[in-house]
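Trainee: First, the structure itself, so that you have it in front of you.
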Amino acid sequence: MSDAEVSGYVAAALVFMTFYMKTMVPLRVIGICSNCAFITYGYLGGLYPVLILHLILLPLNSLRLREMLLLTKQVRQAAYGDPNMDWLKPFTSTRHVKAREVVFHKGDVAGDMFVVLSGRFRLVETSIEIVSRHVVGEFALLTPEHSRTQTLECVEAGILLQISYGQIEQLFFQNPKFGFYFLQLITRRLLQNIAQLETELALQCALQPPARETRV
């Protein structure tokens, strides 16, 4: 068996493995390996259409793998305390909001979440302030009916990055690590909100006058 035939069989086996892969990163890695095998096969066998095709696909697969690994790294950093949400920009649209404008109402059916770029926003029911780099509107993604849990009002005109739940779900499917770290991010935001509510409740209790004793 010639070297060209061996490389051809290896390339075919790697293509089969790409169809077996269930997640995006391993698929890209195997795809790159199959590109290399097909390049060898095309060169040794004089199959120039195959050679040219995989010379084009190799850098494309490498670029997509690099983007996915970078995205995973940035989401990991966000989950462990990095407030920089610039990694979401390629997947978002920009929305300009005026002061006193209501972004969404409690009970609305939700389809998007937001990252605050500038301005100040307030969750009406809890009076929690949402400022630059904070994520808002993500909790409805986890509710059975995708309904908003609070009303979001703009206090000071600003800019929001808007990303649809459909795009978030696609990122989940492409890379399970993305979903894992994004859920960590949501949990961290939830715990921050709970801590703020507990602080406000303790303050209100401290300001209330003590109950007077009733004497008979």
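The values are calculated or read from the model by the stated rules, or taken from the named source; none is laboratory data. Worth saying up front: this structure is predicted, and the values here are computed from it rather than measured. As a convention, Cβ positions derive from the backbone with ideal geometry for all residues, glycine included, and neighbour counts pool all protein chains shown. Heads up: the accessible areas ignore ligands, DNA and RNA and are worked out on the full protein's heavy atoms, side chains in. Shrake-Rupley method; radii C 1.70, N 1.55, O 1.52, S 1.80 Å.
Trainee: Do you know which residues across the range 132-147 are more than 19 Å from the chain's Cα centre (by Cα) and of a type outside the set (S, T, N, Q)? So that I can check it myself, show each step before the final result.
Mentor: To start, the set of residues in the range 132-147 that are more than 19 Å from the chain's Cα centre (by Cα) comprises 144-145, 147.
Selection gives P144, E145.
Trainee: Against the definition (among the hydroxyl-bearing types (S, T, Y) and open to solvent by less than 20 Å² (accessible area, probe 1.4 Å)), how does Y181 come out, yes or no?
Mentor: So Y181 does not fit the description; no.
Trainee: Follow-up. Looking at the structure I just gave you, is V155 on the phi < 0 side of the Ramachandran plot, free of Cβ contacts under 8 Å to residues at least 24 places away in the same chain, open to solvent by 10 Å² or more (accessible area, probe 1.4 Å) and not small (G, A, S)?
Mentor: Values: on the phi < 0 side of the Ramachandran plot: yes; free of Cβ contacts under 8 Å to residues at least 24 places away in the same chain: no; open to solvent by 10 Å² or more (accessible area, probe 1.4 Å): yes; not small (G, A, S): yes.
Spelling it out, it is not the case that V155 is on the phi < 0 side of the Ramachandran plot, free of Cβ contacts under 8 Å to residues at least 24 places away in the same chain, open to solvent by 10 Å² or more (accessible area, probe 1.4 Å) and not small (G, A, S).
Trainee: Continuing with the same structure: F104: modelled with pLDDT of 75 or more, surrounded by 14 or more Cβ atoms within 10 Å (Cβ to Cβ) and over 21 Å from L190 (Cα atoms), yes or no? Outline the logic, then answer.
Mentor: Numbers: modelled with pLDDT of 75 or more: yes; surrounded by 14 or more Cβ atoms within 10 Å (Cβ to Cβ): yes; over 21 Å from L190 (Cα atoms): no.
Answer is no for this residue.
Trainee: Which one is most open to solvent (accessible area, probe 1.4 Å), of the residues in the range 32-48 that are modelled with pLDDT of 90 or more and more than 12 Å from G8 (Cα to Cα)?
Mentor: Here the residue is C33.
Trainee: Among the residues of the range 113-157, write down those that are farther than 19 Å from R188 by Cα and among the charged types (D, E, K, R).
Mentor: R120, E125, E145, E153, E156
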